[in-house]
Amino acid sequence: MNAPRGGEVHSHLPAPGADTGADTGADTGADTGAGTGAAPSAAGGAPAPRGLVVTASNRASRGVYADRGGPLLAEALERLGFVVDGPRVVPDGDPVEQALREGVAAGYDVVLTTGGTGISPTDRTPDATARVLDYEIPGIPQAIRAEGMANVPTAALSRGLAGVAGRTLIVNLPGSTGGVRDGIAVLSRILPHAVDQIRGGDHPAAAGPAGSAS
């Protein structure tokens, strides 16, 4: 949504890619998601991770506002080496849950949402997400809120969740572009490792003392 960062709370779906108005967090009416087919291989022969971006906003889905947060998320995932679909813009509530379930069924490694994380009556993205998750990862939304609170105290009002459904990491981000950037700052530090862990990777070995094996 195109609300100020403190307004909404810091706060796309073909199968295997926002700052909005003052409602829930995103903005455009056009569904811009595009299917990708097989993902190219990343270094070492492993398939490149696949990400989906979903923008949740009633007004954005009607074309009242242009989606700005969703494209920011898609660009950030691409910079991290993801093959991205979306953003897909959907109304708040049940359509968000449907988009998430389709993303999980399609086997995306990551689904990022923007919008609908606040405390207004129409902000229902966390509720929809909770019905999809197998388990939560509380530290991710805590870190995103902390990132935003340094400049915008109302970032504490975000109800965004993060967790895993099947083999898909789902993270809710706020609808404001400022909130999205806060989320990107946090996710850029942890997302590659999180995806590797969900895929079954091992923890990196800690460096031992100089001259000794770790």
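The values are calculated or read from the model by the stated rules, or taken from the named source; none is laboratory data. All values reported here derive from a predicted model rather than from experimental measurement. FYI the Cβ positions are ideal-geometry reconstructions off the backbone, even for glycines, and counts take in every protein chain you see. Ligands, DNA and RNA are stripped out before the accessible areas are found, and what is left, the full protein with its side chains, is counted by its heavy atoms. Shrake-Rupley method; radii C 1.70, N 1.55, O 1.52, S 1.80 Å.
Please list 75, 97 in order of solvent-accessible area, largest first, computed with a 1.4 Å probe with all protein chains present.
The ranking, largest first, comes out as 75, 97.
Please list, in order along segment 72-86, the HN-Hα scalar couplings obtained from phi with the Karplus expression 6.51 cos²θ - 1.76 cosθ + 1.60 (θ = phi - 60°), rounded to whole Hz, x for Gly and Pro.
Listing the rounded values in order: 4, 5, 4, 5, 5, 5, 4, 4, 7, x, 7, 8, 10, 10, x Hz.
Rounded, prolate or oblate for segment 61-125? Axes are the square roots of the Cα gyration tensor eigenvalues, ordered a ≥ b ≥ c, and the cut-off for rounded is a/c under 1.5.
Because a/c hits 1.5 or more and a/b fails to exceed b/c, segment 61-125 counts as oblate.
How high is the relative contact order of segment 92-168, given as a whole-number percent (alpha carbon pairs under 8 Å, six or more residues apart)?
Contact order relative to length: 39 percent.
Can you sort 196, 109 by solvent-accessible area, 1.4 Å probe, largest first?
196, 109
As an exercise, find the ratio Rg/Rh for segment 35-158 from alpha-carbon atoms, using the Kirkwood inverse-distance average for Rh.
Result: Rg/Rh = 0.98.
Counting Lys and Arg as +1 and Asp and Glu as -1, what is the net charge of the other residues whose Cβ lies under 15 Å from the Cβ of residue 130?
Details: positive: 101, 124, 131, 159; negative: 92, 94, 97, 123, 127, 134, 136.
Net charge in that neighbourhood comes out at -3.
What's log10 of I(q)/I(0) for segment 137-194 at q = 0.16, 0.18, 0.29 Å⁻¹, Debye sum over Cα points only, no solvent?
Once normalised to I(0) and log-transformed, intensities are -0.44, -0.55, -1.29.
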